[in-house]
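Before any comments, here is the structure.
No value in this document is a laboratory result; all are computed from the given coordinates. Only a predicted model underlies this, so the values are computations on that prediction, with no experimental measurement involved. Reconstructed Cβ throughout: ideal geometry from the backbone, glycine too, with neighbour counts over all protein chains shown.
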Amino acid sequence: HVLSGAPRDLEGRHVVVSAGGTREPLDPVRYLGNRSSGRQGLALAEVAVARGARVTLVAANVERPTPAGVRRIDVGTTEELRAAVLDAVGSDPAGAADAVVMAAAPADFRPTSTEGSKIKKTGDGTTPTIELVENPDILVELVRTRGGGGGTVVVGFAAETGDANGSVLDHARRKLQRKGCDLLVVNDVSGDRVFGRDETEAVVLDADGGSVPVPPGSKTALAHAVWEAVVRRAGWAPT
Ligand code: CTP
Ligand code: CA
């Protein structure tokens, strides 16, 4: 219902969406990961198809079906996500992607090394220490390369909580500036409000200082709001 009659304002565009959460292996059976389900990324991909785009979805551990008409690439780790997203954005023979939306939750750190066999308990009560290194920031790299000098619109997502250092929006505005992306979609997750839920409430911040609040609604509704903001930011005329 929310898809039929959508404006075809992404006609002729190639967009890349990342979804899900990356997992960093500790040993053959264990990983460091997060609880992202991938549903917001799937909604972004589905809505982009409805608005006329050619869509590449890079899915990190998403255990849900692919929306019709979407090209999907499955990945596991942040490094795999990075390689697949940069490739999808930059290596298209038809030119760089027109927009990329990083809805995925990449693990910020990975174990310095992965054990080749299962980590065993010592039996004497001593515990292992896991040393971590920071993963590359894909969003920052996308801003730096813009699909090889093209005008790729770069969109980030952030789940924030307010704290002693500022409100949700203070943190989000700082993150937008730090990352240098065009748009940042901010979810207020104070008190477990978003994870695994159907309903979302968000604000779309624009690097030019503007912000558009998105009323509580479905992930599909938020996806429409995100693509509207992308079209506005890029100045694409409706066809
Ligand atoms: N992101 C990314 N690569 C990373 C980490 C995050 O591309 N290694 C992207 C996410 O996909 C998201 C945006 O950056 O679109 C913001 O992610 P977030 O986790 O909020 O930002 P971080 O810089 O990791 O900051 P924090 O310390 O708050 O986790
Ligand atoms: Ca992070």
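Give me the net charge for the shell around residue 233: Cβ to Cβ below 10 angstrom, other residues only, Lys and Arg +1, Asp and Glu -1.
Numbers: positive: 232; negative: 182, 206, 208, 228.
Taking every Cβ under 10 Å from that of residue 233, the sum is -3.
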Note on region 1-54: alpha-carbon gyration tensor, axes a ≥ b ≥ c; rule is a/c under 1.5 for rounded, else prolate if a/b larger than b/c, else oblate; result prolate
For the residue 30, residue 169 Cβ pair and Förster radius 25 Å, calculated FRET efficiency rounded to 0.05 is 0.10
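Go through 108-116, 123-131 and give me the packing order, highest mean Cβ count within 10 Å leading.
Working: 108-116: 13.6, 123-131: 7.7.
Order by mean packing, descending: 108-116, 123-131.
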When the chain is modelled as a GNM with alpha-carbon springs shorter than 10 Å, which of 64, 13, 23 fluctuates the most? 64
Can you give the angle from 0 to 90° between the axis of helix 39-50 and the longest principal axis of the chain, with both taken from C-alpha atoms, to the nearest 10? 30 degrees
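May I ask for the net charge around residue 15, where only other residues with Cβ less than 10 Å from the Cβ of residue 15 are counted and Lys, Arg are +1 while Asp, Glu are -1? Each step should come with its number before you reach the end.
Values: positive: 13, 51, 54; negative: 98.
Around residue 15, the charge tally is +2.
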When the charge dipole of the chain is computed with +1 on Lys and Arg Cβ and -1 on Asp and Glu Cβ about the Cα centre, the Cα farthest towards its positive end, among 19, 55, 107, belongs to 55
For region 17-105, what class follows from the C-alpha gyration tensor (a ≥ b ≥ c being the square roots of its eigenvalues): rounded when a/c is under 1.5, otherwise prolate if a/b is larger than b/c, else oblate? oblate
Computed ³J(HN,Hα) along region 155-166: with the Karplus parameters 6.51/-1.76/1.60, θ = phi - 60°, integer Hz and x for glycine or proline, the list is 10, x, 10, 9, 9, 10, 10, x, 8, 4, 8, x
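Apply the a/c threshold of 1.5 to the C-alpha gyration tensor of the chain and tell me whether it is rounded, prolate or oblate.
On the way: a/c = 1.79, a/b = 1.52, b/c = 1.18.
Prolate, since a/c reaches 1.5 and a/b exceeds b/c.
Taking other Cβ within 10 Å of each residue's Cβ, how do 227, 236 sort, fewest first? Let's see the in-between values first.
Numbers: 227 25, 236 17.
Arranged by neighbour count, lowest to highest, 227, 236 become 236, 227.
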Taking amide H positions as placed in the peptide plane 1.01 Å from N, state which residues far from residue 109 in sequence (5 or more) or on other chains have amide H under 5 Å from it. 135
Angle check, please: helix 219-234 long axis (alpha carbons) against the longest principal axis of the chain (alpha carbons), in degrees 0 to 90, nearest 10. 60 degrees
Rounded to the nearest 5, what % of the DSSP beta bridges within region 1-116 are antiparallel ones? 15 percent
